[in-house]
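The values are calculated or read from the model by the stated rules, or taken from the named source; none is laboratory data. Predicted, not measured: the structure shown is a model, and the values here were computed from it. Counting neighbours? That spans all protein chains shown, and the Cβs are built from the backbone with ideal geometry, glycine included. All accessible areas refer to the heavy atoms of the entire protein, side chains included, with ligands and DNA or RNA removed. Shrake-Rupley method; radii C 1.70, N 1.55, O 1.52, S 1.80 Å.
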Amino acid sequence: MIKKYLYIILILFSFFSSCKEVAEKTVETIAGVEKKELIGKYHTIKSEKIKIFLPEEFKHISESNYLKEIQRTREISIFNSEKERLEFVKDTGRKIYFFEYFKGGSMVNILPERYVEFNNSDAKYMLAIIDKAIKSNNHPETTFEIMESQFKGNKNLSIFKVIYKIKLPKATVAVYKYVYFISYNKKSVFVNLETPVLFDFDPYIEKIRL
């Protein structure tokens, strides 16, 4: 069953982690998030009946503004590639929701999916798919290190996550990519975080409402 969702995983990996500029943005508030009480706010995606809890610095950004941001700061080939990706997602009847912490150079993508029931064995296969996808969609000189890969679940809830440390060519700092696939309450969703700071994002994920 998991194999049928390979193409969704492939389109999940946007241009964001391939641009060294992201890694060089100012990082401040988000770095101290795990040293204090969990602070954030819920963002409601009404059409999907999903509530995602994020650090308070993150703001929703529309798809059109997302593309304008890319067009303003990135080369035209990246803009065209990302525009094509979003059009492909739209053609499949799906939507991606963007939340940006501009000052911290961080982005969260939310991609609701048809319900998929999976277990620890499936999660291991998903890791192999993600590893292949993320490496094939980035600059050949980019280096990758898996920081953590984990499955959590019970009879009602399944969460798979993988965290990558990504070193971009000529970048002074790394980018961290968090990928979560969550199935609960007969719903499934991908949550993709890219940020220049390694921190504990699990407490935010645990507050998601599906």
field: Residues being open to solvent by 70 Å² or more (accessible area, probe 1.4 Å) and closer than 19 Å to GLU194 by Cβ - total across the stretch 139-164
entry: 6
- prompt: So GLY93 fits all but one of (1) part of a helix (DSSP H, G or I); (2) open to solvent by less than 90 Å² (accessible area, probe 1.4 Å); (3) out of contact with any strand residue (DSSP E or B) (no Cβ under 8 Å at 6 or more places or on another chain); what number is the exception?
  reply: (1)
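Okay, residues lined up against (1) within 14 Å of the chain's Cα centre (by Cα); (2) modelled with pLDDT under 90; (3) not acidic (Asp, Glu):
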| residue | (1), (2), (3) |
| --- | --- |
| LEU168 | no, yes, yes |
| ALA171 | no, yes, yes |
| VAL179 | yes, no, yes |
| ILE182 | yes, no, yes |
| LYS186 | no, no, yes |
| VAL189 | yes, no, yes |
| LEU193 | yes, no, yes |
| LEU210 | no, no, yes |
query: Do any residues in the stretch 78-102 that are within 19 Å of PRO112 (Cα to Cα) and in contact (Cβ under 8 Å) with a residue 40 or more places away in the chain have Cβ atoms under 7 Å from those of residues that are of a type in the set (Lys, Arg) and open to solvent by less than 30 Å² (accessible area, probe 1.4 Å), where the two are at least six apart or on different chains, and which pairs are they?
result: none
Count of the stretch 120-144 residues which are modelled with pLDDT under 80 and in a helix (DSSP H, G or I): 4
